[in-house]
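Shown next, in structure tokens, is the structure this report addresses.
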Amino acid sequence: IFVLFLINIFLFYGKMINIHTDFGRELLFSKMVAQGSVLYKDIFNTFVCPFSYLFNAFLLKFAPMNINTFYVAGGINCLVILVCVYFIGKIFLNRFVSCVITVFVMYYCCFYSGLMNFLTPYSYAVVYGLSFCLLSVLTYLYYLKTDKSKFMYLAFLFSGAAASCKYGFVLYSLFLFLFLFVKNNQEKLFLDHVKNAPLVTLSEGENISF
């Protein structure tokens, strides 16, 4: 999958959406913030949070201020999404089906010349938020499998990062908290049930209480 991804990222270079009409806002706002000519708070933006513009502006501080920087950022972000899709799929499905789903996402969402592709997106806030959301789902599933607290902390960290990209991901953060609350309550109910379990009679006639 990784080799296929690298081949396509070179084949699709410069063949995505129209830079001026569909992609220009992402370039312009990030460039202006990086140059210090405008602050994010002065940009009238009602549907995304500040992370994407500030992160892209941060990249432009250290990388060339041209379209290639955004293309590389989009490519790395696509790779994160595909890795998450594959490993989330492997938790529930076998390797072959997970690969098929990942390849489908690669061609239908990443290397897609329409407006909402993940490589040069109409809004980086959406795809950055999606990456953080998938990372949160993946780490939370690992927490459920291993019961290691570090995965739970990472899940909430990534969910917060997703919410900092776009308001809609706040709903996911609330659901994540709800799932954790339900899980902890279920464990508590199970432990209470075990403690209050009736006596178990052994073959020798001994009684053991949990």
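Summing Lys and Arg as +1 and Asp and Glu as -1 over all other residues whose Cβ lies under 15 Å from the Cβ of residue 138 gives a net charge of +4.
Taking Cα pairs under 8 Å and at least six residues apart, what relative contact order does the range 100-169 come out at, in percent?
About 28 percent, as a whole number.
If we count every other residue with Cβ under 15 angstrom of residue 83's Cβ, Lys/Arg +1 and Asp/Glu -1, where does the sum land? Before the final figure, lay out each step's value.
On the way: positive: 90, 95; negative: none.
Charge balance near residue 83 sits at +2.
Note on residue 61: accessible area is roughly 130 Å² with a 1.4 Å probe, heavy atoms of protein only.
The values are calculated or read from the model by the stated rules, or taken from the named source; none is laboratory data. Bear in mind that the values here come from a model prediction, so they are computed numbers and not experimental data. All Cβ positions, even for glycine, are placed from backbone atoms using ideal geometry, and neighbour counts span all protein chains on display. Note: areas computed on protein heavy atoms with side chains; ligands, DNA, RNA excluded. Shrake-Rupley method; radii C 1.70, N 1.55, O 1.52, S 1.80 Å.
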